[in-house]
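Only the coordinates and a few stated rules stand behind these numbers; no lab work does. Treat the numbers as computed from the prediction; the structure is a model and nothing was measured. Reconstructed Cβ throughout: ideal geometry from the backbone, glycine too, with neighbour counts over all protein chains shown.
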Ligand code: XMP
């Protein structure tokens with residue numbers, strides 16, 4: 001019988017049998033999948049679990065603090081927070097191609113992870129043996145299809161690509177057989193708050209692919225503020241749960257505006273909101289004009305570095321959900 005409680009019990013027993021008394025490392029992103037793995041492994045093996053949370057400077061507003069509050073403070077899980085904004089932004093300087101940006105971000109994650117795994121090992125002869133990942137069933141299908149050449153790769157997902165060989169860790173993937181809605185139910189059964197489990201997905205490269213072209217700290221800071229306003233108003237108008245994914249995109253283009261008596265020459269952003277079941281196809285969300293108006297006014301009035309707000313009315317296909 002499929003109930004979240006049965007799945008949790010079964011997964012806990014399997015993990016315990018698999019790793020015994022060994023240490024397990026988990027890359028925690030704050031997304032649904034890795035969060036559910038963290039909660040599950042914490043139940044299964046307690047202090048043998050260490051999570052690494054990397055703040056890459058490309059997260060949403062207050063995200064780092066929220067992840068630490070939930071997992072470290074509330075749940076008592078061991079979480080190492082690595083502040084690596086400079087490392088990511090330096091690596092991204094001068095890089096404007098979307099796939100090249102994904103590669104830089106993916107490699108920087110792995111370097112940091114490698115470094116943390118080495119620090120955690122009790123000695124060089126006894127490296128950390130287990131690496132937990134929030135791989136879910138659709139990821140398994142997708143990567144199998146791309147290996148056999150059946151899927152045409154449109155965007156390389158930064159987290160599929162593997163670790164350096166010397167790390168030689170074995171994988172613990174307790175969600176490998178589950179679909180997203182099952183993972184969410186499992187998360188709730190494990191005690192994670194619903195608003196965290198039902199959050200919109202956020203891509204691994206984060207704001208790095210929502211700032212078109214070269215990524216700069218100035219752009220990331222503006223985008224974080226604009227995105228927070230959009231999401232806040234979506235929730236207030238009751239549209240957050242009616243959309244599958246919604247966010248702001250930063251366009252490195254300047255436009256003239258007038259605020260009060262003064263001319264303003266500042267950046268442009270676009271709002272993006274879609275409805276979809278499987279993220280393979282998507283329809284742009286027909287958000288109410290009142291909501292769009294409120295968001296646009298707030299962004300331009302509250303953020304002096306932004307002078308204009310557009311709304312993306314492209315469906316997938318032919319457009320993709322993210323702009324890069
Ligand atoms: P697209 O833009 O391809 O997005 O229509 C489909 C879904 O995938 C997410 N996405 C990514 N997720 N790494 C990720 O982990 C990536 O590089 C990446 N690119 C897109 C996107 O947010 C949407 O949910």
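Using alpha-carbon positions, what is the distance between the centroids of the range 72-124 and the range 212-263, in Å?
Here the answer is 26 Å between Cα centres.
Which whole-number percent gives the relative contact order of the range 4-197, counting Cα pairs below 8 Å spaced six or more residues apart?
Averaging sequence separation for qualifying contacts and normalising by length gives 28 percent for the range 4-197.
Kindly provide the helix-only [θ] at 222 nm of the chain, computed as the sum of -39,500 (n - 2.57) over DSSP H runs of four or more divided by all residues, to the nearest 500 deg cm²/dmol?
-12000 deg cm²/dmol
Going by how many other Cβ atoms sit within 10 Å of their own, how do 200, 42 line up, fewest first?
200, 42
Would you mind computing, in nm to one decimal, how far apart the modelled labels at residue 62 and residue 86 are, each placed 7 Å from Cα along Cα→Cβ?
Here the answer is 2.8 nm between the modelled labels.
What is the order of 175, 207, fewest Cβ neighbours within 10 Å to most?
207, 175
Label 7 Å along Cα→Cβ of residue 73; the range 181-204 residues with amide nitrogen under 20 Å?
Those under the cut-off are 191-197.
Could you bin all the Cα-Cα distances of the chain into 10 Å bins starting at 0 and give me the percent of pairs in each, rounded to whole numbers?
The distribution over the chain is 5, 24, 33, 25, 10, 3, 0, given as percents.
With both partners inside the range 210-311, how many of the DSSP beta bridges are antiparallel, as a percent to the nearest 5?
Bridges in the range 210-311 that DSSP calls antiparallel: roughly 70 percent.
Where in the range 222-255 does the amide nitrogen come within less than 16 Å of the point 7 Å from the Cα of residue 304, taken along Cα to Cβ?
The answer is 222, whose backbone nitrogens lie closer than 16 Å to the label point.
How much length is gained if the chain between residue 173 and residue 289 is pulled fully straight, taking 0.36 nm per residue apart and subtracting their Cα-Cα distance, in nm to one decimal?
37.4 nm
Report the antiparallel proportion of the DSSP beta bridges in the chain as a percent, rounded to a multiple of 5.
45 percent
List the relative contact order of the range 210-311 as a percent without decimals, with contacts defined as Cα pairs under 8 Å and 6+ residues apart.
For the range 210-311, the relative contact order is 29 percent.
Quick one: angle between helix 4-19 and the longest Cα principal axis of the chain, in degrees between 0 and 90, rounded to 10, please.
60 degrees
Over the chain, what is the mean sequence separation of C-alpha contacts under 8 Å (at least six apart), divided by residue count, expressed as relative contact order in percent?
Averaging sequence separation for qualifying contacts and normalising by length gives 17 percent for the chain.
Nearest 10 degrees, 0 to 90: what angle lies between the long axis of helix 180-189 and the longest principal axis of the chain (Cα atoms)?
70 degrees
Contour minus end-to-end for residue 311 and residue 280, with contour as 0.36 nm per residue of separation and end-to-end as the Cα-Cα distance?
That works out to 9.1 nm of additional length.
Tell me, 321, 231 in order of fewest to most beta-carbon neighbours within 10 Å?
By the 10 Å Cβ count, ascending: 231, 321.
Restricting to the range 4-197, what percent of DSSP beta bridges are antiparallel, rounded to 5?
5 percent
Once both axes come from the Cα atoms, what is the angle between helix 32-45 and the longest principal axis of the chain, in degrees from 0 to 90, rounded to 10?
30 degrees
Give, in nm to one decimal, the length gained when the segment between residue 255 and residue 122 is fully stretched (0.36 nm per residue of separation minus the Cα-Cα distance).
42.3 nm
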